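Trainee: My questions will all concern the structure given below.
The values are calculated or read from the model by the stated rules, or taken from the named source; none is laboratory data. Here the structure is a predicted model, which is why all the values come from computation and not from measurement. Glycine also receives a Cβ, built like all others from the backbone with ideal geometry; neighbour counts cover every protein chain displayed.
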Amino acid sequence: MSKTLPDIEPAFRTTPSYAAQLAQAKRFCERWRADQLFRQELEDQPEPTMQRAGFPFQREEVQPLYDVKFRGETSLVARRVQALHQEKRAWRDDLRKSMRLTSPGLDAWRRRQVHRCTWQLGPRNAEAIVHPPAAFELSRGCSVGCWFCGVSAAKLKDHWLATPENLQLWGEVLEVVAEFTGPAGAYSFLYWATDPLDNPDYEQFCGTFHRVFGQFPQTTTALALRDVERTRRFLKLSEQHGSPLDRFSVLTLKQLHRIHQEFTPEELLRVELVTQNKESIGAQSAAGKALSKLESEGAHATTIACISGFLFNMPDQSVRLISPCPAGERYPDGYITFQEATFADARQLREILRSWCDLPVRLRREDRPRWREDLVCLPVEDGFRLESPRQGMEFLGGPAMEELGRLVGDPTLEELCLRVPQDPSLTILTMQRIYEAGLLA
Ligand code: SF4
């Protein structure tokens, strides 16, 4: 697992003109995506619009970045932007697939969640989820109050401050988490239904995180403009301490304009702007507070939850074991809570996590495998078919497979081996594959 974007970053450093041009083109894409009027004016009067907005490009240079019908030769700058996007996608995919956790039980569980999400969310949505192993809230609630908050954040109540006692517990909590996650814990982050920059001591907590995991956690904030100098200092600190990227959530077009005024394109080269304003293309996800509104407009329920692992609230000293799923009546905020507990100290936390991670990597003979709740098992010739609301899959193999499909749900694995008419080793192998694919409850 690489911590940086290796093929792009050296080029940034050795050829400043590459970085400057890429940063401008990235800014152009942000403006195009977020600003409906700009998109219209660009269509009508490309060169004056580009000049007024201060972009040093001819239309043909950037047209391949937004016009799907463009058929000319792709410009150098467009190729550079596309290369950056590809690099990020490859990095994210690699992270999702190659992340390994120290605890074998937790690691196998996480991989089953990754497979389950592909079924339940569809491959396109699921591919965007990296499934880091932990997230930490450092406040109770969030001051931003977005109408579309995908995790239904409550109003800001208070913060967990960096007092000597809290910093001591914080270091110990991270050490405990690292025992179960290993180096992959570095991809955890310090927010959930909170905004990291609400907490006045966020930077100090990041410092301890860096001491334990060797890099700063990735940061996403909707408060980049609350104290611009703080944000600017933070971005430098974060880059120096190895965070691969940070993100600003942009809630209005006015905010986007101000962000573009306050920060140079180069300052934001490694900062993704997530444009959530109403003029933006493909703005919000149907989950949490946005679920009912967007579903009524025809959107598929999805999720913004992205960890499969431990969700901490440090002010409450609470922890949950969670994983993403499509938002809905049962899981409105787009994640399943499998376990929850509070802890008084690091020792107690270690015991809790140890019991949660004591999950079987392989099915045991006394286990009673059941299909996941969202799956229906239907008999078909030579086997069975599993169907969920989003997709289905057939498992074929003759009378033994037909019998297996009919039986799963009540017998133990041992009983299945005795009743399915084939060599027991084949039944064990088939059921293990089904288990690893995240198809069992
Ligand atoms: S989306 Fe983020 S910034 Fe907005 S209310 Fe929710 S947690 Fe706060």
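Trainee: Being closer than 24 Å to Tyr187 by Cβ and either away from the ligand (no atom under 16 Å from the Cβ) or in a loop (DSSP other than H, G, I, E, B) (or both) is the filter here, so list the residues in region 129-143 that pass it.
Mentor: Hits for region 129-143 are Ile129, Val130, His131, Pro132, Pro133, Ala134, Leu138.
Trainee: Could you pull out every one of the strands (runs of 3 or more DSSP E) wholly within region 318-399 that has 1 or more residues that are over 30 Å from Asp423 (Cβ atoms), modelled with pLDDT of 95 or more and β-branched (Val, Ile, Thr)?
Mentor: Here the list reads 318-324, 335-342.
Trainee: Could you please let me know if Leu106 is more than 24 Å from Thr219 (Cα to Cα), surrounded by 19 or more Cβ atoms within 10 Å (Cβ to Cβ) and touching a helix residue (DSSP H, G or I) at 6+ places or on another chain (Cβ under 7 Å)?
Mentor: Yes; evaluated as a whole, the condition is true for this residue.
Trainee: Would you mind stating whether Thr102 is in a helix (DSSP H, G or I) and hydroxyl-bearing (Ser, Thr, Tyr)?
Mentor: The answer is no for Thr102.
Trainee: Name the single residue, out of those in region 149-203 being under 28 Å from Val250 (Cβ atoms), under 17 Å from the mean Cα position of the chain (by Cα) and assigned to a helix (DSSP H, G or I), that is farthest from the ligand (Cβ to nearest atom).
Mentor: Once the filter is applied, the top-ranked residue is Ala186.
Trainee: Sticking with this structure for a sec: Considering only residues that are of a type in the set (Gly, Ala, Ser) and in a loop (DSSP other than H, G, I, E, B), look in region 204-238 and name the one that is farthest from Gly334 (Cα to Cα).
Mentor: If we take residues in region 204-238 being of a type in the set (Gly, Ala, Ser) and in a loop (DSSP other than H, G, I, E, B), then Gly214 is farthest from Gly334 (Cα to Cα).
Trainee: Right, next: Please state which of the following conditions Gly242 fails to meet, knowing it meets all the rest: (1) surrounded by fewer than 18 Cβ atoms within 10 Å (Cβ to Cβ); (2) assigned to a loop (DSSP other than H, G, I, E, B); (3) touching a helix residue (DSSP H, G or I) at 6+ places or on another chain (Cβ under 7 Å).
Mentor: (3)
Trainee: Among (1) surrounded by 17 or more Cβ atoms within 10 Å (Cβ to Cβ); (2) within 16 Å of the ligand (Cβ to nearest atom); (3) modelled with pLDDT of 95 or more, which single condition is Cys146 missing?
Mentor: (3)
Trainee: Could you list all residues from region 75-103 that are surrounded by 15 or more Cβ atoms within 10 Å (Cβ to Cβ), over 29 Å from Leu311 (Cβ atoms) and not hydrophobic (A, V, I, L, M, F, W, C)?
Mentor: Residues satisfying the conditions are Ser75, Arg80, Glu87.
Trainee: Sort out which residues of region 296-329 are among the small types (Gly, Ala, Ser) and either outside the structural domain of Leu174 (by TED's automatic domain parsing) or in contact with a Phe, Trp or Tyr (Cβ under 9 Å, 6 or more places away or on another chain) (or both), and write them in order of number.
Mentor: Within region 296-329, Ala305, Ser308, Gly309, Ser318, Ser323, Ala327 meet the criteria.
Trainee: When both residues are 6+ apart or on different chains and their Cβ atoms are under 6 Å apart, which pairs have a first residue that lies in region 244-259 and is touching a residue at least 12 places away in the same chain (Cβ under 8 Å), and a second that is in a helix (DSSP H, G or I)?
Mentor: Asp246/Ser238; Val250/Leu256; Leu256/Ala34
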